[in-house]
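The values are calculated or read from the model by the stated rules, or taken from the named source; none is laboratory data. Here the structure is a predicted model, which is why all the values come from computation and not from measurement. Note that each Cβ is placed from the backbone with ideal geometry, even for glycine, and that neighbours are counted across all protein chains shown.
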Amino acid sequence: MSIPRKHHYLPQFYLEGFKILPQKGKKPHIWQIEKVGEQKYYNPAITDTGCIRDYHSLDHELEPDHKTIESVLSTIEAKQAELVQSIINSKDMNHSQIAELAGLISLMRYRIPAFASYIETSHKKIVLDSFKIMYQTGKFPSPPKMIRQMFESKGIDETLNIKISNWEIVEKILEVGLSSESISMLLQLNYQIYSTKEPDIFITSDNPVALFHPNYEDLKPYGIGLAIKGVELTFPLSSNTLVVAGHHLKPGSYFANHNQVNEFNRRTIIMAENYIFSNKISTELKKHINDLKDNFAGFTFDNLYYGKGSVYVSRFIPVQ
């Protein structure tokens with residue numbers, strides 16, 4: 001029996017909430033729109049969407065393990081699928097479901113490629129800076145003459161190729177996404193369920209959990225987190241159901257008018273890294289994406305290297 005190598009960073013059950021209807025053929029399909037460039041779009045099968053080859057593979061052994069994490073996530077997703085379908089069907093949520101929803105949102109914030117790239121980039125910079133500091137302070141034996149000449153002519157940054165093992169990235173994704181600290185922060189928020197009716201629809205993206213702050217200009221250059229006053233979290237569950245959470249919100253179920261749908265979709269588009277997903281394609285949606293294609297939000301990592309040391313600054317830049 002072959003082992004699946006196509007690993008989904010967005011669960012298939014989640015994407016099915018945005019599938020094209022009526023369904024044609026045996027497999028559900030979805031519209032995938034590119035954020036940058038000319039907003040090219042196509043309608044792949046959901047089995048081929050929101051996935052990357054060997055994304056969850058563990059490469060700490062001689063033979064990579066492509067199955068273990070997929071099996072763990074499959075068990076988690078089975079329960080999450082029931083929760084999401086219950087909320088979509090009822091357009092409401094009872095208090096007992098908040099903990100499950102917080103767990104889902106936490107994992108969806110961190111299992112996506114944007115966070116994996118952030119982890120890989122930050123690890124590479126830390127390793128490279130550590131090497132440079134130790135090399136320049138004489139902590140390493142003198143390298144061969146050819147290596148020294150490359151360091152001098154090209155620079156250490158251009159000479160060394162740092163590779164972070166995939167298992168380290170996967171470990172960090174699950175460590176943060178499943179952590180009690182992350183989930184407990186989400187449990188302190190008040191939750192609203194918004195529904196809408198056609199022709200208005202909610203969309204999602206390859207980075208579906210958005211953090212919004214209305215007055216971020218006043219907080220710059222600092223980042224924000226869930227504990228910051230005024231932060232709102234939005235998370236689309238389907239084309240007609242969306243979660244909004246925040247400390248200042250009144251819990252309940254609400255109907256989103258056209259302007260509210262556009263605002264929630266704006267946050268989703270800005271959070272997107274590469275792709276937006278929808279059950280419909282329209283000139284209006286393509287224009288909305290095009291107008292926002294140069295706007296991004298999410299985790300950033302800055303390293304201030306000064307020869308004998310480094311300062312690392314990790315921030316989350318919100319939608320504003």
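See the values below:
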item: Some residue of the stretch 145-154 being hydroxyl-bearing (Ser, Thr, Tyr), part of a helix (DSSP H, G or I) and either in contact with a Cys (Cβ under 7 Å, 6 or more places away or on another chain) or modelled with pLDDT of 95 or more (or both); result: no
item: Total residues in the stretch 278-309, condition more than 30 Å from His123 (Cα to Cα) and either of a type in the set (Gly, Ala, Ser) or free of Cβ contacts under 8 Å to residues at least 12 places away in the same chain (or both); result: 6
item: Of all residues making up the stretch 86-116, the number that are in contact (Cβ under 8 Å) with a residue 40 or more places away in the chain and not hydrophobic (A, V, I, L, M, F, W, C); result: 8
item: Test for Tyr14: is it of a type outside the set (A, V, I, L, M, F, W, C), touching a Lys or Arg at 6+ places or on another chain (Cβ under 7 Å), within 25 Å of Ile183 (Cα to Cα) and crowded, with 19+ Cβ neighbours inside 10 Å; result: no
item: Members of the stretch 264-277 that are surrounded by 16 or more Cβ atoms within 10 Å (Cβ to Cβ) and either touching a strand residue (DSSP E or B) at 6+ places or on another chain (Cβ under 8 Å) or without any contact (Cβ under 8 Å) to a residue 40 or more places away in the chain (or both); result: Phe264, Arg266, Arg267, Thr268, Ile269, Ile270, Met271, Ala272, Glu273, Tyr275, Ile276, Phe277
item: Pair list, Cβ < 7 Å and 6+ apart or interchain, from the stretch 158-176 residues that are closer than 14 Å to Ala114 by Cα and of a type in the set (A, V, I, L, M, F, W, C) to residues that are in a loop (DSSP other than H, G, I, E, B) and at pLDDT 95 or above; result: Val170/His56; Ile173/Arg111
item: Among the residues listed as Val243, Val231, Val261, the single one being among the β-branched types (Val, Ile, Thr), in contact with an Asp or Glu (Cβ under 6 Å, 6 or more places away or on another chain), modelled with pLDDT of 95 or more and buried (at least 19 other Cβ atoms within 10 Å of the Cβ); result: Val261
item: From Glu198, Glu181, residue being out of contact with any helix residue (DSSP H, G or I) (no Cβ under 9 Å at 6 or more places or on another chain), assigned to a loop (DSSP other than H, G, I, E, B) and either over 27 Å from Val313 (Cα atoms) or of a type outside the set (Phe, Trp, Tyr) (or both); result: Glu198
item: Flag for Pro28 being touching a helix residue (DSSP H, G or I) at 6+ places or on another chain (Cβ under 8 Å) and either within 26 Å of Ile183 (Cβ to Cβ) or surrounded by 13 or more Cβ atoms within 10 Å (Cβ to Cβ) (or both); result: yes
item: Selection status of Ile33, at pLDDT 95 or above and part of a strand (DSSP E or B); result: yes
item: Checklist (1) assigned to a loop (DSSP other than H, G, I, E, B); (2) hydroxyl-bearing (Ser, Thr, Tyr); (3) buried (at least 21 other Cβ atoms within 10 Å of the Cβ) applied to Tyr222, failing item; result: (3)
item: Subset of the stretch 129-144 [of a type in the set (Lys, Arg) and either touching a residue at least 12 places away in the same chain (Cβ under 8 Å) or not in a loop (DSSP other than H, G, I, E, B) (or both)]; result: Lys132
item: Flag if Tyr118 is out of contact with any Leu (no Cβ under 9 Å at 6 or more places or on another chain), among the hydroxyl-bearing types (Ser, Thr, Tyr), more than 17 Å from Val244 (Cα to Cα) and surrounded by fewer than 14 Cβ atoms within 10 Å (Cβ to Cβ); result: no
item: In the stretch 272-320, residue farthest from Ile30 (Cα to Cα) [restricted to those that are of a type in the set (Asp, Glu) and out of contact with any Phe, Trp or Tyr (no Cβ under 9 Å at 6 or more places or on another chain)]; result: Asp294
